[in-house]
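Chemist: Could you have a look at this structure, given as structure tokens, before my questions?
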Amino acid sequence: PRTSPARSTCTESDTRVSCSCPPIVAPTQSELLPSTKAFPTVAPPPQESSPQSSRMVSTEAWVDRDSGPAKGCVSLVRWGDEWPVLIPVYLTIVFGSVIGAVYLNYLGHRAVGVAIVGIAVYFALSLTGYPICYAASSSWEIAWISNWVLIAAVLAIAVFLRTQRDKSLKPGGWAANIVYRKVSTPSKIPFFQKDLAHGRLNDLLTMTIGELFVWVMILCWLGVAFFERYDTSMDTPGQNTGYETYFGNKTRAAGKGFAQMAVRCLFLAILTPSRNVSLYQLFGIPFDRGIKQHKMIGRLFYLFMVIHVICMLVGGTEKGVVTWSKQFNLNEPNLWPGIVALSAFLGQFFLSMPYWRRNHFELFYWMHLNFMFVGNVFLIFHNRFRAAMWIIPTFAFFWLDFGIRWYAKLGKKSELTACEIVDENLVMLKVKRDGFPSKAFDFHPGSYIWLSVDVPDEHRQNLMKKQLGPPAAPVQIPSFLWFHPITVSGFDPSTNELTLFIKRMGAKDAEWSGQVIKTVEHVKTGALTLKQVRVHVGGPHGNLQVQPGDVDHVVLVAGGIGVTPMAAILEDQIRKVDVTTSKTSLIWTTRSPSEIKAFSYLFDQIKNLPGELKNRFSIHVFVTSGAEKTQDVEASASSVVTVHTGRPDYDSLLKKCADEVPKGQHTGVYICGPDAMSDAAEISALANKCLVHRETFEF
């Protein structure tokens with residue numbers, strides 16, 4: 001009888017398979033002869049492909065997950081090797097809805113446009129294969145439910161704020177404390193006043209009760225995301241638990257949890273600075289206050305991102321098929337794109353420091369956008385759909401907002417109607433734009449616009465130089481794309497003209513403001529005509545947290561050029577003096593007599609009012625540059641202006657303003673100026689139980 005040949009033996013360790021085979025023995029003559037005995041044909045055993053061999057993964061539709069981490073969930077599509085087809089389909093759905101929403105926005109149907117984009121994004125997310133969970137056994141359930149709870153809470157808050165703004169949320173209403181009461185007063189401790197990296201700790205102390213409630217809700221949502229990821233990460237992989245790639249240890253599991261919190265913060269950070277499609281439309285929060293939330297959420301994102309990287313380095317970056325040498329594949333995590341994303345976001349963090357924002361705005365703005373795009377794209381390559389499900393929806397709203405902004409800026413004709421030189425560092429412009437005001441953009445005191453100034457090519461050697469363009473922008477970018485935020489100091493309803501004041505910032509002529517001043521000088525000398533100076537206007541944007549019509553004494557506190565939004569409020573109060581009974585006081589600290597002269601037209605309007613109406617206005621100017629300057633101010637000031645030397649005592653001034661209002665009525669204090677001055681005024685205002693609006697005009 002034939003002896004059975006020795007079998008090969010194999011052992012498996014992790015992802016490697018090693019086999020040992022017996023020595024080959026030559027067959028005998030008899031073994032080579034044909035046999036008359038029939039032997040059954042045995043099919044060879046199936047060969048297991050090694051991890052390195054390529055395997056085809058097919059795309060399936062309507063997949064009901066019955067095992068794994070998504071057990072109890074349904075996916076509309078589970079993508080295989082055909083996943084690149086998803087990219088153009090996704091982009092078509094998202095951006096098609098964005099284009100339609102931009103058109104609806106300009107018809108005045110903002111809510112409908114935002115709803116269409118939201119539905120389109122949800123459908124597009126479903127096409128990516130994102131699980132929709134229905135069973136309690138799903139490990140996704142807690143995070144899935146928390147997302148819908150957050151959305152429902154946001155919509156409920158938005159409806160309440162919109163419907164109760166002129167009712168219970170007005171000063172004296174039962175819910176007024178939600179929007180007017182502060183958590184605390186600003187601290188006088190220098191550490192709290194200093195701008196640390198991306199903001200001041202006093203920003204946390206001066207949150208309203210409503211803002212605090214929303215932040216607690218957001219932090220709970222982030223905590224649920226961490227717990228869901230960390231908890232399932234620590235389970236032993238089995239049929240109904242764990243993710244497809246087991247995380248191996250507590251440190252890596254925590255790193256995955258921080259990654260989920262970071263990507264959710266990134267979603268909110270991109271959404272909050274929207275000017276046309278989110279915070280203002282839902283909550284009535286203007287863009288400048290959205291920037292404050294954007295900066296606070298951004299700090300959390302940077303923090304969670306760095307902790308995630310540290311945890312993954314300590315716990316071990318490679319796990320299973322995820323290695324540094326692995327070929328790029330969107331069906332699995334990729335390590336190297338994560339390094340690129342980290343570098344981009346750290347660069348964004350560095351160039352968001354106050355120095356760059358205040359002295360090199362173009363560099364900050366363009367690099368901020370560039371780093372955002374690079375970081376988000378490579379984050380998707382790094383973490384696949386776990387990142388895409390948050391990044392792509394918020395980018396849909398970003399592009400909707402972007403389209404509305406650029407259509408408003410470049411699609412509507414604007415013109416410069418007048419300009420004046422106040423002094424060598426300050427100019428006044430008057431501009432108007434076709435179709436303003438409209439349903440999409442109307443004017444409120446305290447608003448601001450985005451302004452660009454351009455000149456003919458033959459003048460660009462000296463004016464609005466292309467070389468001044470941001471280094472991260474395309475080469476030779478035209479100056480009409482350099483948009484800067486400018487506060488509106490006045491609005492004339494009869495001509496629809498907006499009055500702007502632009503003060504030189506930074507180096508003498510090296511920055512945008514210096515170039516605008518130089519352009520106005522050329523107009524005044526006749527080297528340029530007014531028609532040759534082309535302007536583009538976006539907005540207006542912004543609104544006041546405390547409406548002047550809701551208070552009985554309007555107190556305007558300004559420092560330096562911070563008087564520009566206060567001037568718009570003062571002008572509106574003068575215009576409505578016949579239909580209101582409120583008092584108005586201006587407390588302005590300045591060191592420049594020319595600034596007083598620039599706003600003398602307002603003081604002259606007060607001077608020309610009848611005696612009884614004139615007495616409802618009180619103007620106090622404090623000059624901090626010495627007695628000689630004080631005399632110059634007195635010479636240029638109107639008779640209704642009381643000029644003082646030195647800095648104001650806000651405690652006594654604001655107490656006097658509050659005492660002038662009978663019990664049961666309200667005093668509103670509006671503040672714009674340097675941080676130290678604004679902190680002092682806000683502390684005094686809150687101590688005297690005044691309602692406070694503080695400008696956060698910093699981008």
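The values are calculated or read from the model by the stated rules, or taken from the named source; none is laboratory data. Computed from a predicted structure; not experimentally measured. Heads up, the Cβs are rebuilt from the backbone with ideal geometry, glycines too, and the neighbour counts pull from every protein chain shown. The accessibility values were calculated without ligands, DNA or RNA, using every heavy atom of the protein model including side chains. Shrake-Rupley method; radii C 1.70, N 1.55, O 1.52, S 1.80 Å.
Chemist: Which one is most open to solvent (accessible area, probe 1.4 Å), of the residues in region 297-324 that are outside any loop (DSSP other than H, G, I, E, B) and closer than 26 Å to Arg78 by Cα?
Modeler: Filtering first and then ranking leaves Lys319.
Chemist: Here is a further query. Which numbered condition in (1) out of contact with any strand residue (DSSP E or B) (no Cβ under 9 Å at 6 or more places or on another chain); (2) not in a helix (DSSP H, G or I) is the only one that Asn334 fails?
Modeler: (1)
Chemist: Under 7 Å between Cβ atoms, which residue pairs at least 6 apart in sequence (or on different chains) link something in region 82-97 that is touching a residue at least 60 places away in the same chain (Cβ under 8 Å) with a partner that is part of a helix (DSSP H, G or I) and open to solvent by 60 Å² or more (accessible area, probe 1.4 Å)?
Modeler: If the second residue must be part of a helix (DSSP H, G or I) and open to solvent by 60 Å² or more (accessible area, probe 1.4 Å), the pairs left are Phe95/Trp399; Ser97/Ile116.
Chemist: Consider region 162-176. How many of its residues are modelled with pLDDT of 85 or more and open to solvent by less than 20 Å² (accessible area, probe 1.4 Å)?
Modeler: Looking only at that region, the number is 3.
Chemist: Same structure again: Where residues in region 325-363 are within 27 Å of the chain's Cα centre (by Cα) and of a type in the set (Ser, Thr, Tyr), which of them is least open to solvent (accessible area, probe 1.4 Å)?
Modeler: So, considering only residues that are within 27 Å of the chain's Cα centre (by Cα) and of a type in the set (Ser, Thr, Tyr), the one least open to solvent (accessible area, probe 1.4 Å) is Ser352.
Chemist: For region 423-442, name all the residues that are open to solvent by less than 40 Å² (accessible area, probe 1.4 Å) and at pLDDT below 80.
Modeler: Phe436, Ala440, Phe441
Chemist: Here is a list: Leu410, Leu379, Leu342, Leu400. Which entry is among the hydrophobic types (A, V, I, L, M, F, W, C) and in contact with a strand residue (DSSP E or B) (Cβ under 9 Å, 6 or more places away or on another chain)? Quick ask: steps written out before the conclusion?
Modeler: Details: Leu379 fails: in contact with a strand residue (DSSP E or B) (Cβ under 9 Å, 6 or more places away or on another chain); Leu342 fails: in contact with a strand residue (DSSP E or B) (Cβ under 9 Å, 6 or more places away or on another chain); Leu400 fails: in contact with a strand residue (DSSP E or B) (Cβ under 9 Å, 6 or more places away or on another chain).
On inspection, the qualifying residue turns out to be Leu410.
Chemist: Further question on the same structure: Kindly indicate whether Lys629 is of a type in the set (Lys, Arg) and modelled with pLDDT under 85.
Modeler: yes
Chemist: Hey, can you tell me all the residues within region 483-530 that are free of Cβ contacts under 8 Å to residues at least 40 places away in the same chain, outside any loop (DSSP other than H, G, I, E, B) and open to solvent by 50 Å² or more (accessible area, probe 1.4 Å)?
Modeler: Asp492, Thr525, listed by residue number.
Chemist: Could you grab the pairs with beta carbons closer than 6 Å, sequence gap of 6+ or different chains, first residue in region 134-159 and modelled with pLDDT of 75 or more, second one buried (at least 16 other Cβ atoms within 10 Å of the Cβ) and in a helix (DSSP H, G or I)?
Modeler: Final answer for the pair search is Ser146/Trp221; Ser146/Val224; Leu150/Trp221; Ala158/Leu282; Ala158/Phe283.
Chemist: A further question follows. Could you list, in sequence order, all residues of region 547-558 that are β-branched (Val, Ile, Thr) and surrounded by fewer than 21 Cβ atoms within 10 Å (Cβ to Cβ)?
Modeler: Going through region 547-558, the residues β-branched (Val, Ile, Thr) turn out to be 551, 554-555, 557.
Hits for region 547-558: nothing passes.
Chemist: Hey, among the residues in region 575-596 that are out of contact with any His (no Cβ under 9 Å at 6 or more places or on another chain), of a type outside the set (S, T, N, Q) and crowded, with 18+ Cβ neighbours inside 10 Å, which one's modelled with the highest pLDDT?
Modeler: My answer is Val577.
Chemist: Please state which one of Val179, Val102 is modelled with pLDDT under 75, more than 30 Å from Ala61 (Cβ to Cβ) and β-branched (Val, Ile, Thr). Please lay out each step first, then the result.
Modeler: Details: Val179 fails: modelled with pLDDT under 75.
Exactly one of Val179, Val102 is modelled with pLDDT under 75, more than 30 Å from Ala61 (Cβ to Cβ) and β-branched (Val, Ile, Thr), namely Val102.
Chemist: Take Ile561 and tell me if it is assigned to a helix (DSSP H, G or I), surrounded by fewer than 23 Cβ atoms within 10 Å (Cβ to Cβ) and touching a helix residue (DSSP H, G or I) at 6+ places or on another chain (Cβ under 6 Å). Step through it out loud before you land on a result.
Modeler: Working: assigned to a helix (DSSP H, G or I): yes; surrounded by fewer than 23 Cβ atoms within 10 Å (Cβ to Cβ): yes; touching a helix residue (DSSP H, G or I) at 6+ places or on another chain (Cβ under 6 Å): no.
Here the answer is no, as Ile561 does not meet what is asked.
Chemist: Can you tell me which of Leu300, Leu342, Leu330 is of a type in the set (A, V, I, L, M) and modelled with pLDDT under 80?
Modeler: Leu330
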